[in-house]
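Beneath this line is the structure, given in structure tokens, with notes to follow.
The values are calculated or read from the model by the stated rules, or taken from the named source; none is laboratory data. Everything numeric here is computed off the predicted structure, so don't read it as measured data. Positions of Cβ are backbone-derived with ideal geometry, glycine not excepted, and every protein chain shown enters the neighbour counts. Heavy atoms of the whole protein, side chains included, go into the accessibility calculation; ligands, DNA and RNA do not. Shrake-Rupley method; radii C 1.70, N 1.55, O 1.52, S 1.80 Å.
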Amino acid sequence: MSVSRDLRRADDRLVTLISGWLARHVSDRELAHELALARGLSPEQAKVVDELRVELAGPRERAELEMIARETLETLAIAG
């Protein structure tokens, strides 16, 4: 029997989305849009999601953004 994650939870959806972006299956534009719509997060999660969204809009290199995205994933997992 397989176990699937409950993708209705905001943090789970964001983990899937950011992971897809890291794997280059999700565009920068799509990630930024979904990050802006994120609701139902803890204050700590909301803070790092907003930071990622702001950094994504700036002039950062992809490698720097990937590091920030990984830190965001860690916070979403720990603070969830």
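The listed residues are LEU35, LEU41, LEU73, LEU52, and the only one of them that is touching a Lys or Arg at 6+ places or on another chain (Cβ under 8 Å), within 19 Å of ALA10 (Cα to Cα) and surrounded by 14 or more Cβ atoms within 10 Å (Cβ to Cβ) turns out to be LEU35. For the range 13-25, a residue qualifies if it is touching a residue at least 60 places away in the same chain (Cβ under 8 Å) and open to solvent by 20 Å² or more (accessible area, probe 1.4 Å), and exactly one does: VAL15. Note on the range 8-77: enclosed helices (runs of 4 or more DSSP H) holding 1 or more residues that are under 11 Å from the mean Cα position of the chain (by Cα) and of a type in the set (Val, Ile, Thr) are 10-22, 43-57.
Scanning the range 67-78 for residues that are at pLDDT 95 or above and more than 13 Å from LEU17 (Cα to Cα) gives MET67, ILE68, GLU71, GLU74, THR75.
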